[in-house]
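The values are calculated or read from the model by the stated rules, or taken from the named source; none is laboratory data. It should be emphasised that the depicted structure is a prediction, and the values quoted were computed from it without experimental measurement. Every residue, glycine as well, gets a Cβ built from its backbone with ideal geometry; the counts of neighbours run over all protein chains shown. The area values use the complete protein model at the heavy-atom level, side chains included, leaving out ligands, DNA and RNA. Shrake-Rupley method; radii C 1.70, N 1.55, O 1.52, S 1.80 Å.
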Amino acid sequence: MGLVSGRRRATSNASSKSSGDEADDDTTVVEPDQGNVLMHIISQLRPGADLSRVVLPTFILEPRSMLERITNFMCHPEMLLPIPEIDDPVQRFVSVVKFYLSGWHIRPPGVKKPLNPILGEIFTCYWEFPDKTKGYYISEQTSHHPPKSSYFYMVPGHNIRVDGTLKPRSKFLGNSAASMMEGTAILTLLNRGKDPAKGERYILTQPNMYARGILFGKMKYELGDHSFVRCPELNLAADIEFKTKGWVGGTYNAIGGTIKNEKTGEVLFELSGLWSDEMFIRDVKTGHKEMFFNASRSKPSPPLCRPLEEQDDRESQKLWAKTAQAVKDRNHELATDEKTKIEDMQREEAALRANDGVEWRPRLFRRVKGGPGGSEEGEEDLEWIINAQIDGHTHEKQTTQILAIYPILQGQQHNKRISIPPRASISGLSTHSVNTPAAASEPSAPKAASPGADLIDFGQNDSKPVGPEPPLDAAHKSTTKIQEMLSATGTKSENKGSLIDFHENMRNNLPAGGVKRHDTSESNDEFVDALG
């Protein structure tokens, strides 16, 4: 059940490629036996159907989770790290656009779909840079239906922070499948901007992804539609079109776009080329055109991860280890079995929560505090943001705050105080995502800490009453006064209990003949005493 796939090595001269040559890039040829496997999904599909609920064959899977695949965005640090030190605002914005375009060429050979993260899945990693600084990445699956992957990236030594939530929405389009990559990322330069507390923010969206020929013919991967990079503070915006190849003409992997001043409408630069190879930028005012980014000559910097033995059962690489290895070995039967075990566990957890009325909450992220006047106004599209305050006055302090959220570096010990305790064991697997209801038993309290000393506040320091409430003092002045007031407006109940009977008092005050509505002249509705 072999798979013939590949990505041909690109030449440095993009203009020498014909559309026919380019068509072989990122193409998977489905062999006859695999084509038969593909037929099993046809009965599940209708044009426009949601692919998130369709079982796909494992031979088109990438052996890593979507939470890990997001890191492609950060794999060209040489494009990102110098940006905060660029003083010219237009050149700073252009450099952000270059960084944004630099990651799209990083993808597996052929047409591959990353593994769908399960609810509560976590992935962390880091980068080590030549100047001895580090970049840190933390992500969590904050929703399963619809899928939402929330992530946080920061380089304290370079004043760079990224917050994002990816919301892929898959559709079946006949012989093609589309992943509509909804969601937003916010890149913040912490040393820039009019408000030092917020920094200079860049809002980024993503192109959509298409897999052509999923039922017959050659499978082809494409990026398509418009994406945007905007900096409201600078009044600058980039509109980038990822062009799909037409039926008659065109080429694969082409881009086109503009960078303009949103306030004046003036177009400053034009973008062109291939996102998989050479891209160019032209200054509209001077007409000068130059190489913007050469993907074929750029080497990505993959992140570093803790070894599997140090990872929690809910972390991506450990969670999917058996599935990923089977995919790499092209043992698709085993890959399907291992993948099904994880998916069944997730369904069992969801059923248990529904049965017990438990609302699931992320471990590492919280709801954005947006809206007018909110502390995170303008970030509402993220929905979820890292549940930690990263506000240290030094880079070292910021690094300490980041590492306190969740283990990232090799050998780092897990801080159990930030974990949401599991409610019950399911099939012997980790159940960190099955959160406890408010009435469930709490873990043993940690040692007393001063208020505000915790990086993340889970309310463990909130004061709680101990033991039963003390009884009321019948002789107390306030108790006597209340009793006198009640006795003045009612009579003692006949059952000699402690209740006051107001029924007779109310009956005596009702007008004779009952009560009628007077809101309309024709109303005949009559209100009577049901106990009369």
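Results for (1) part of a strand (DSSP E or B); (2) within 17 Å of the chain's Cα centre (by Cα); (3) among the polar types (S, T, N, Q); (4) at pLDDT below 95, shown as yes or no for each residue.
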site	(1), (2), (3), (4)
55	no, no, no, yes
87	no, no, no, no
98	no, no, no, no
145	no, yes, no, yes
154	yes, yes, no, no
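Please go through the stretch 367-379 and give me each residue that is open to solvent by 20 Å² or more (accessible area, probe 1.4 Å) and in contact (Cβ under 8 Å) with a residue 40 or more places away in the chain, ordered by number.
Passing the criteria: only 378.
For residue 201, are the conditions met, namely being closer than 30 Å to residue 340 by Cβ and under 22 Å from the mean Cα position of the chain (by Cα)?
Judged against the criteria, residue 201 is not a match.
Search the stretch 324-344 for residues being of a type in the set (Val, Ile, Thr) and modelled with pLDDT under 95, and hand back the single one that is nearest to residue 410 (Cα to Cα).
Of everything passing the filter in the stretch 324-344, 327 is nearest to residue 410 (Cα to Cα).
Got a sec? Which of 148, 134, 167 is over 25 Å from residue 228 (Cα atoms), open to solvent by 30 Å² or more (accessible area, probe 1.4 Å) and in contact with a Gly (Cβ under 8 Å, 6 or more places away or on another chain)?
After ruling out the rest, the residue left standing is 134.
For residues that are closer than 22 Å to residue 255 by Cα and among the acidic types (Asp, Glu), scanning just the stretch 179-232, find the one that is surrounded by the most Cβ atoms within 10 Å (Cβ to Cβ).
Filtering the stretch 179-232 for residues that are closer than 22 Å to residue 255 by Cα and among the acidic types (Asp, Glu), the one surrounded by the most Cβ atoms within 10 Å (Cβ to Cβ) comes out as 222.
Within the stretch 136-186, which residues are of a type in the set (D, E, K, R) and either free of Cβ contacts under 8 Å to residues at least 60 places away in the same chain or under 29 Å from residue 407 (Cβ atoms) (or both)?
Listed by number, the residues that qualify are 140, 148, 161, 163, 167, 182.
I'm told residue 328 meets every condition in (1) more than 26 Å from residue 125 (Cα to Cα); (2) touching a strand residue (DSSP E or B) at 6+ places or on another chain (Cβ under 7 Å) except one. Can you identify the failing condition by its number?
Looking at each condition in turn, residue 328 falls short on (1).
Has the stretch 111-120 got at least one residue that is assigned to a strand (DSSP E or B), more than 30 Å from residue 332 (Cα to Cα), open to solvent by less than 10 Å² (accessible area, probe 1.4 Å) and not aromatic (Phe, Trp, Tyr)?
The answer is no, given that none of the residues of the stretch 111-120 is assigned to a strand (DSSP E or B), more than 30 Å from residue 332 (Cα to Cα), open to solvent by less than 10 Å² (accessible area, probe 1.4 Å) and not aromatic (Phe, Trp, Tyr).
Regarding residue 348, is this residue over 21 Å from residue 204 (Cβ atoms) and within 21 Å of the chain's Cα centre (by Cα)?
no
Is it the case that some residue within the stretch 164-179 is over 26 Å from residue 346 (Cα atoms), at pLDDT 95 or above and part of a strand (DSSP E or B)?
No, the stretch 164-179 contains no residue that is over 26 Å from residue 346 (Cα atoms), at pLDDT 95 or above and part of a strand (DSSP E or B).
Find the residue count for the stretch 312-337, including only residues that are touching a residue at least 24 places away in the same chain (Cβ under 8 Å) and closer than 25 Å to residue 362 by Cβ.
Selection size over the stretch 312-337: 10.
For the structure I just gave you, tell me whether residue 93 is of a type in the set (Phe, Trp, Tyr), over 26 Å from residue 392 (Cα atoms), over 22 Å from the mean Cα position of the chain (by Cα) and open to solvent by less than 20 Å² (accessible area, probe 1.4 Å).
yes
Which condition from (1) part of a helix (DSSP H, G or I); (2) touching a Leu at 6+ places or on another chain (Cβ under 7 Å); (3) surrounded by fewer than 23 Cβ atoms within 10 Å (Cβ to Cβ) is the one that residue 69 breaks?
(2)
Which one of these is crowded, with 16+ Cβ neighbours inside 10 Å, in contact with a strand residue (DSSP E or B) (Cβ under 6 Å, 6 or more places away or on another chain) and modelled with pLDDT under 95: 364, 382?
Exactly one of 364, 382 is crowded, with 16+ Cβ neighbours inside 10 Å, in contact with a strand residue (DSSP E or B) (Cβ under 6 Å, 6 or more places away or on another chain) and modelled with pLDDT under 95, namely 382.
Applying the selection to the stretch 302-332, what residues are of a type in the set (S, T, N, Q) and closer than 18 Å to residue 66 by Cα?
Once the filter is applied, which keeps residues that are of a type in the set (S, T, N, Q) and closer than 18 Å to residue 66 by Cα, the stretch 302-332 yields 311, 316, 317, 323, 325.
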